[in-house]
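Okay, structure first, notes after.
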Amino acid sequence: MGYYKVYIPIIVVIVGLLWIRAYGELNLPDYTSRIVDTGISQFGLESLVPNQLARESFHAIRERIPVGEQAGFTSAFRFYVPTNTYRYIGGEFGEEVAAEIYARITAILHGIQFTFEDLRHEMILLGYDMEQQQMRYIVGVGGLMLLMLLLIMASVILETFLSSRMAAGIARRLRRDIFRKVVSFSNSEFDKFSTASLITRSTNDVQQVQMITGMFMRFVVFTPMLGIGAVARVVTAGSEMTWTITIALLATLLFVAVIFILVTPKFKIIQKLIDRLNLVTRETLSGLMVVRAFNRDEYEEEKFDKANANLRNLNIFVNRVFAFMNPIMMLALNITTLVIIWIGGHMVDAGTLQVGVMFAFLQYTIMIIMSFMMMTMIITQLPRALVSINRIAEILKADTSIKDPKNPKTFDDLKKGLVEYKNVSFKYPGAEEYVLRDLTFTVLPGQTTAFIGSTGAGKSSVVNLLPRLYDVTDGQVMVEGVDVRDVTTKALRRKIGYVPQKALLFSGTIGSNIKFASADGYEIKDNDMKWAADIAQAGDFIAEKANQYDDEIAQAGANVSGGQKQRISIARAIAKRPNIFVFDDSFSALDYKTDAALRAATGKNIGGSTLLIVAQRIGTIKNADQIIVLDNGRMVGIGKHEELLKTCEVYRQIALSQLSEEELGLGGAANE
Amino acid sequence: MSKPTNANNNGRPIGAPAQHGARPTSAMQQRRGPGGGFGGGGGPLGLGAPRQKPKDFKKTMKKLIKLMSPYRWLFLLCVIFAVGSTVFGIAAPVIMEGATGEIIRGFMEVQIGGFSIDFSIVLRVILILGAVYIVSALFMFLQSLIMADMTQKISYSLRKDMSAKISRLPLNYFDTKTHGEVLSRIVNDVDTVANSLNQSLTQIVTSVVTVVGILAVMFWISWQMTLVALVTVPMSAILVMIVIRFSQKHFRRQQEYVGHVNGQVEEIYGGHVVVKAFCAEDKSVGDFDNYNNTLYQSAWKAQFLSGIIWPAMSLIGNIGYVGVSVLGGVLVSRGSLRIENILTFIQYIRRFNMPIMQLGQISNMLQSTVAAAERVFEFLEQDELAPEADESSLIRDISVIRGSVSFSNVDFGYVPDTPIIKNFTTDVDAGKTIAIVGPTGGGKTTIVKLLMRFYELNGGSIEIDGINITNFTRADLRSMLAMVLQDTWLFNGTIMDNLRYGKLNATDVEVYAAADAARVDHFVRALPGGYDMELNEEATNISQGQKQLITIARAILKDPKILILDEATSSVDTRTEVLIQEAMVNLMRGRTSFIIAHRLSTIRGADAILVVRDGEIVEQGSHEALLAAGGYYKELYESQFV
């Protein structure tokens, strides 16, 4: 994903740091082997070639050398009178020649079985404190090891610092971009993805990505680096050792692959089974009263038990596989070390390998196999993270279907509050059936138009087109003389006070919810807030709250009742002082009395605004200036209550299902 | 908020990788804090994340031990295997010394031109070691196998108990807990308990054995080198403590802000229609950015700090390693130690750090295990439903019940001190229809819940045919009653399954008859798959009205004496509404019916109307009588014609 692009320099640095760390860690066994081989076996003497030899020793050695090579040996030493010793002068011939001479002398000394023991003996004769020499060497290597450790530590700290920031930074960018994107989505995209899924994608999935990013660097990049480095060292060092380690490696790989093929699909099933367990439990909990009313406790328990047992069985299977996997890997590792000791022993015996190097090999082998085991653990996480990444990418790639025009037009001030629908047809994106067909009507400024019809008739869809929550499929929706698609959504929505079917509040205070519309430059004052609350019949209950308008609202308004929520939601729209109101079935949650009081108050106070009301109750809309009856997406009646009772069959049916004929008559009379 | 808690938010399959690498790869083994939610854990190691603390560690621990007691022999076996495999693991380097010693001796002698290596000795050691490794692996395998099976069985039976417990808990319990909370106990907490049992139990055993064993062997090899190695232990302990102190703060903050960010996401996504309509996009993005930035700050710090603990510890461990190498070198050169001793010693040092660190974590791990277990036990130990009446006072023959109901002086409140129902008294003759009307929150639904005996009364009594409802078993009482709620609860299964819920042993013919009476039959036959059509999770693949009809059919199939209807059909279209009404009339025929009425036609047709307000019957009588009385009912009735 492009998200990592910005981090490429940092990634390069991190990889560099990891490389330093790998280098350091690979060197540690080397140092141990130097302590063992040089420090202990060779008494701290790095080279068999002596720096100086006592005169007697020089001649004794020269005598043991085959005649043909004596000249070469002699030419490398020069007699030094003051100390009565021969000194090695190989270094005076320039680097290349010196190395040649050095190798030659070493071979000669080996040939005559001149050992480090002899050299040590010689040095003691010359008066060197060999014990101190050996100590100095060992402590010196120890010091180097410490330096190396500090280097490793420094690179680890720096690397952790960078990768933590990177992982958290990527997560932050992802969260930010996803949030912005989703906020820009229109209802169509929400319908497509579903709100719940959008939420998981923005939270869970991002968390997954953050986790895997952090781990990726450390394990997926570093471990192979360490493993490859170790392999490289083994390969360059000993040819016979290589195939042992290669076989061990291949065997481990194969084994891991088999386990993976076996287990990975099960993980998916386990997830499904957990979902099932969740579903069954959630169902039982949400239907507890029904379950009890029907005495179906046992039935539910059986259902749960089935899901529970399935989960247990699969878990046992997976756990068994893992119980098998670890000992096998450990065994592979251990057997490999035995093989190395066997082969290494023979190489040591043949003089082609030093003991310390052999032990370094052992450690490398352990590193290699361990790094593989680490990787297997991360790999189990990868498929899941990939799923998350894809899910996130889907959001980021999606584009909102409702866009602002390039050259927005302006509203016609003379037509303030005018709404016109012209031959509007609408189907939900991706749907085959039209929800609305060929609707044409005009809502005059300051008038109330009500929409009624059975569920699925398209009432909500009609009003959702007005604030451009969806776009029409055909035809035009005009507000104040302009097609809603020709102005910016902001400008359009500023004019509309929308009250949704389901009252949605946000965490904060009652006041902050009512003032929700105030933003850049448009401030709702306390007076307006109170005025709006009073009209929405919310003033009384707010006054009873402990902190009145500063009373806390929990997330999604969980701490206020349905009716109160709805009234705050209405107040929120009123406080905006819009030219046009849309009430999408906003009164159903209110009891009859509040409904009536609210309608009286709105009639009095916001009478100048245009009202579009979707309603269920005939009582709510009887007095509307215009009632539009919808059936199956078509307009089957338009007019006032009394006219429609006479002329519109659908309207009459609806009315009769709620009120008796007598009441309908009575209602009309009582209203005079 | 009863948002379904997704199990395994941390994205780890139950049980599985948690016991990965019992010994070799403990870096991965560190469990992330059970804080759950989206933010659980920090860096890959999750070290230093705050853990939840149990309220009463001892008590819960005892219960936990009791819970495992049926498995004690298996557990003992497990411990034996664990100890065995650990001991073999510790013994291996010492045994190996036989071979390495021989190789080194040979090497040294080759150096001074002596004899070569005796490979028969080496081979013998290798064969012995091979056997030891195999046995050790076998033990390890058996141990994890038994442990895995055992913990899975424990979690299975815990969940089974919890599921059964749901049936025995009074509804009050669920009023005070969200579904998410209960769900999280059943799914996540049990998971935590099982996983940590699986891990920490064996880990305690193996860590202790390893530490003790390795210490013993190390002292045996060289006390000087052991002391050098031990110096590093307090160093790492102090270091870890310091880092944890620093990281705790950030972890807590991270957790808090993950909550804020997720809250903001849920809220804004959930209310996006309003956000759009009120042009509040910029505002919500601004809030979100603030949370997100703070989260970023604490997230990287927490991750960084927890990320360096492990490398820091291994640095200190390595310093000990260097010290041992140097000291060992010196000792060998002085002849008081042999080379193979150093090599063996080094292997032990490498293994020494891990179990020490694990031991340090055990307290934390136990704490979080016990905290999760505590939540599980707390659920299992909740007060259950009041026991059924004594056998002697129980009325078991319910076939003669006609269905008259009387409430006398019923007092009830969900929470003591806040009465919902006050001195409620009324008599209903068998076969009559009673409409209950009144404002929301007035106690209408509570009354019918009391009749179903979902809650126990605080005072007064409810009688059916003059028999106190507590003298029936709950099952008998509820078999006389059927309830159709406005919240149409159906489950994920076929329509047939859902219908048959009313009477599990109903024949197909009976089901079809009930479906027909409830006007379900005709639309079901038109659906793909008919009666075998699978309803999805939220039953969103049929309409609200159809769902309502199915719940009515379910009630008809049950054939109850007394019927409870919550008549809210606001979200149903008019045609379906007519069908529902017809179905309800069918259902009510010949039964005593309580209807929480919204529709005037129902109210008018009722034999009696109870006007309930603030838990009391304020008016009672027929429609006409109540209108004539000119009280609250009249007011309520007329408010719709304003």
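Per-structure values
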quantity: Estimated 222 nm signal from helices in chain A, with DSSP H stretches of n ≥ 4 weighted -39500 (n - 2.57), rounded to 500; calculated: -20500 deg cm²/dmol
quantity: Region A:194-314 - accessible surface per residue (Å², probe 1.4 Å); calculated: 39 Å²
quantity: Cα long-axis angle, helix B:339-380 against chain B (0 to 90 degrees, to the nearest 10); calculated: 10 degrees
quantity: Carbon plus sulfur fraction of accessible area for chain B, probe 1.4 Å, in percent; calculated: 57 percent
quantity: Accessible area of region A:389-486 belonging to carbon and sulfur atoms, whole % at 1.4 Å probe; calculated: 46 percent
quantity: 222 nm mean residue ellipticity, helices alone, for chain B (DSSP H n ≥ 4; -39,500 (n - 2.57); rounded to 500); calculated: -20000 deg cm²/dmol
quantity: Cα-based shape type of region B:181-237, given that a ≥ b ≥ c are square roots of the gyration tensor eigenvalues and the cut on a/c is 1.5; calculated: oblate
quantity: Sum of side-chain charges, A:Ile108 neighbourhood, beta-carbon under 15 Å (Lys, Arg +1; Asp, Glu -1); calculated: -1
quantity: Radius of gyration and Dmax over the Cα atoms of chain B, both given in Å; calculated: 35.5, 127
quantity: Nonlocal amide H pairs with B:Ile617, under 5 Å, H built at 1.01 Å; calculated: B:Thr425
quantity: Gap separating the Cα centres of region A:145-215 and region B:211-244, nearest whole Å; calculated: 38 Å
quantity: For chain A, share of DSSP beta bridges that run antiparallel, in % to the nearest 5; calculated: 60 percent
quantity: Formal net charge of residues neighbouring B:Phe345 (Cβ-Cβ distance under 15 Å; K, R +1; D, E -1); calculated: +1
quantity: Occluded residues from region B:258-276, i.e. those whose accessible area drops by 50 Å² or more once the chain is not alone (1.4 Å probe); calculated: B:Glu267, B:Tyr269, B:His272, B:Val273, B:Val274, B:Lys276
quantity: Loop GluC sites (Glu not before Pro), region A:272-315 (other Cβ atoms within 10 Å of the site Cβ: 11 or fewer; DSSP); calculated: none
quantity: Chain A: DSSP helices with Cα axial extent of at least 18 Å and average Kyte-Doolittle hydropathy no lower than -1.0; calculated: A:8-34, A:95-111, A:130-184, A:222-237, A:239-286, A:297-350, A:355-397, A:562-575, A:592-605
quantity: Cα gyration tensor shape for the protein assembly as shown, rounded if a/c is under 1.5, else prolate or oblate; calculated: prolate
quantity: Area of A:Val499 that stays accessible when all protein chains are in place (1.4 Å probe, Å², to 10); calculated: 0 Å²
quantity: Protection proxy ranking, peptides A:617-628, A:354-365, A:460-471, average beta carbon neighbours within 10 Å, highest first; calculated: A:354-365, A:460-471, A:617-628
quantity: Contact order relative to length of chain A, as percent, for alpha carbon pairs under 8 angstrom and 6 or more apart; calculated: 12 percent
quantity: Area hidden from solvent between B and A (accessible, protein heavy atoms only, 1.4 Å, total, Å²); calculated: 15800 Å²
quantity: Entries in A:Lys576/A:Lys640; B:Lys422/B:Lys444; A:Lys490/A:Lys515; A:Lys622/A:Lys646; A:Lys459/A:Lys646; A:Lys303/B:Lys66 that, when Cα-Cα distance is taken, lie over 19 Å; calculated: A:Lys576/A:Lys640; A:Lys459/A:Lys646; A:Lys303/B:Lys66
quantity: Spatial separation of Cα centroids for region B:54-92 and region B:465-544, in angstrom; calculated: 49 Å
quantity: 1.4 Å probe accessible area per residue over region A:41-124, in Å²; calculated: 57 Å²
quantity: Fraction of beta bridges assigned by DSSP in the protein assembly as shown that are antiparallel (%, nearest 5); calculated: 55 percent
quantity: Degrees between helix B:574-588 axis and first principal axis of chain B (Cα, 0 to 90, nearest 10); calculated: 80 degrees
quantity: Relative contact order %, chain B, counting alpha carbon pairs below 8 Å whose residues are six or more apart; calculated: 14 percent
quantity: For region B:83-200: accessible area per residue (Å², 1.4 Å); calculated: 32 Å²
quantity: Residue among A:Thr488, A:Gly446, A:Ile514 farthest towards the positive dipole end of region A:434-515, charges placed on Cβ; calculated: A:Ile514
quantity: A:Trp531, A:Trp19, reordered so the largest accessible area comes first (probe 1.4 Å); calculated: A:Trp19, A:Trp531
quantity: Centre separation in Å (Cα based) which lies between region B:424-439 and region A:249-274; calculated: 63 Å
quantity: DSSP bridge orientation in chain B - percent antiparallel, rounded to nearest 5; calculated: 55 percent
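The values are calculated or read from the model by the stated rules, or taken from the named source; none is laboratory data. Nothing here was measured: the structure is a model prediction, and the numbers come from that model. Glycine also receives a Cβ, built like all others from the backbone with ideal geometry; neighbour counts cover every protein chain displayed. Note: areas computed on protein heavy atoms with side chains; ligands, DNA, RNA excluded. Shrake-Rupley method; radii C 1.70, N 1.55, O 1.52, S 1.80 Å.
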